[in-house]
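A.B. asks: The following block contains the structure, expressed as structure tokens.
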Amino acid sequence: MKIAVLKEAAGETRCAAIPETVKKFVALGADVAVESGSGAGASIADSDFEAAGATIGSRAEVLKGAGLLLTVAGPDPETLKGAERDALLVGALDPVRQRQFIDGYAAAGLEALAMEWMPRITRAQSMDVLSSQSNLSGYKAVVDAAATYGRAFPMMMTAAGTVSPAKVFVMGVGVAGLQAIATARRLGAQVSATDVRSATREQIQSLGAKPIFVENVAGIEGEGTGGYATEMSEEYQKAQAELVSGHIAKQDIVITTALIPGRLAPRLISDAQLATMRAGSVIVDLAAEAGGNVEGTVAGESVARHGVTIIGASNLARSLPADSSALFARNLYNFLSAFWDQEQKRPVLPDDDEIVKAIRLTKDGKVVSERLTAA
Ligand code: NAD
């Protein structure tokens, strides 16, 4: 089987393959063709891919005869002219927002697979692009906050006096939130964190941070369904708002990461609460693209309100392209190698497999994903 690695559209810094995964695909018996310049954003030269066993070519050259197309973001179907019918297209295809592209893949006869719809089951953990990219985003959110904050994070005892440690509050303790807590702790901040899922309380403590939880109204038991939160009751939201009001005025940095699948991000900080924070405080809103956890967040921009800087973070993993490409590329390899048929030397995707059912969007000229057809 020939595998094509596609160069991403402008603005996307990541690459769907790295030399390590190219070597591994070659070892499985595949031919790998990398579109020239694919790795530039992630500091990988064409010659690095060649040394790993790939050939380099134009878009038309890599598409020709390829049964498997690897991408980070979903390409415009117009740019895939010349692709083989029935080729697999695998990447973070953003199926809901890019629905027109998905229809285009179906029309071109491609079998499109959306990696971000990977189910949260143990078998699929190493294939989970949302987790791998969120981890890096959680780290980068804290680094960006530290770079913007006009004070230091750690306590410093100097001859000229003491610098007090920054107080960091992390709201939403999933993959990104946990990494944000760990990063802020490493930088020497005093860290507290909150979530609606009760399982996170111990995780917060184990990282040396202080859990701040709504006590009088029940949250979500344990991990929640598949690790996901749902929208909370009005009673809970009110109790949470009171809790935040009491805590936030004492914080210097807030990192918000709260998301609810398929919905707008929950609003966790109001403008009035923001106004109680000390001037110079910094908020990084990782939920910016889903509408934001903070009132006034603008996705992709930094705005100042009441002397507080709100960074509307947008796809922070892109700002660490070498690492985010490496993790993304390994997620793709782990998925494809798990379904690799040694004799046919290609992935075989059974219709009744839980993973295949969750991520397959199109096949045989049609949109087949129930999540899309039901919408
Ligand atoms: P996410 O991005 O969906 O949400 C981020 C966090 O925000 C979650 O912890 C959620 O509970 C929290 N949140 C939602 N509404 C909130 C509110 N109103 N107030 C405060 N917090 C709120 O979550 P995620 O980072 O993708 O992962 C969440 C969990 O799923 C983790 O425990 C992770 O270990 C698990 N997970 C499992 C697998 C697997 O088994 N394959 C893969 C990925 C993640």
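A.B. asks: Restricting the search to segment 79-113, which residues are among the acidic types (Asp, Glu) and under 26 Å from the mean Cα position of the chain (by Cα)?
C.D. replies: Those that are among the acidic types (Asp, Glu) and under 26 Å from the mean Cα position of the chain (by Cα): Asp94, Asp103, Glu111.
A.B. asks: May I ask you to list pairs of residues, at least six apart or on different chains, whose Cβ atoms are under 6 Å apart, with the first in segment 144-172 being in a strand (DSSP E or B) and the second being at pLDDT below 95 and of a type in the set (Val, Ile, Thr)?
C.D. replies: none
A.B. asks: How many residues, within segment 245-264, are within 9 Å of the ligand (Cβ to nearest atom) and touching a strand residue (DSSP E or B) at 6+ places or on another chain (Cβ under 8 Å)?
C.D. replies: Residues that pass the stated criteria total 5.
A.B. asks: Please find, among Ala317, Ala338, Ala279, the residue that is loosely packed, with under 15 Cβ neighbours inside 10 Å and within 14 Å of the ligand (Cβ to nearest atom).
C.D. replies: From the options Ala317, Ala338, Ala279, the qualifying one is Ala338.
A.B. asks: Let me ask you something else. Since Leu113 meets every condition but one in (1) of a type outside the set (D, E, K, R); (2) at negative phi; (3) not in a strand (DSSP E or B), which condition does it not meet?
C.D. replies: Of everything listed in (1) of a type outside the set (D, E, K, R); (2) at negative phi; (3) not in a strand (DSSP E or B), Leu113 misses just condition (3).
A.B. asks: Let me ask another. Specify the residue that is surrounded by the most Cβ atoms within 10 Å (Cβ to Cβ); the eligible residues are those in segment 188-217 that are of a type in the set (Asp, Glu) and closer than 12 Å to Leu178 by Cα.
C.D. replies: So, considering only residues that are of a type in the set (Asp, Glu) and closer than 12 Å to Leu178 by Cα, the one surrounded by the most Cβ atoms within 10 Å (Cβ to Cβ) is Asp195.
A.B. asks: Something else: Being crowded, with 16+ Cβ neighbours inside 10 Å, out of contact with any Phe, Trp or Tyr (no Cβ under 9 Å at 6 or more places or on another chain) and closer than 22 Å to Arg97 by Cβ is true for just one of Thr13, Thr79. Which residue is that?
C.D. replies: Just one listed residue meets the conditions, Thr13.
A.B. asks: Looking at Ala193, Ala184, can you tell me which residue is part of a strand (DSSP E or B), at pLDDT 95 or above and either within 16 Å of the ligand (Cβ to nearest atom) or of a type outside the set (D, E, K, R) (or both)?
C.D. replies: On inspection, the qualifying residue turns out to be Ala193.
A.B. asks: Of these, Gly177, Gly222, which one is surrounded by fewer than 16 Cβ atoms within 10 Å (Cβ to Cβ), within 27 Å of Ile121 (Cα to Cα) and either within 12 Å of the ligand (Cβ to nearest atom) or at pLDDT 95 or above (or both)?
C.D. replies: Gly222
A.B. asks: Being in contact (Cβ under 8 Å) with a residue 12 or more places away in the chain, assigned to a loop (DSSP other than H, G, I, E, B) and within 20 Å of Lys167 (Cβ to Cβ) narrows it down to one residue among Ala279, Ala299; which is it? Don't jump to the end; show me each part of the working.
C.D. replies: Details: Ala299 fails: within 20 Å of Lys167 (Cβ to Cβ).
Matching residue, one of Ala279, Ala299: Ala279.
The values are calculated or read from the model by the stated rules, or taken from the named source; none is laboratory data. The structure presented is a predicted model; accordingly, all values stated were derived computationally and were not measured. Using ideal geometry, Cβ is built from the backbone for each residue, glycine included, and neighbour counts are taken over all protein chains shown.
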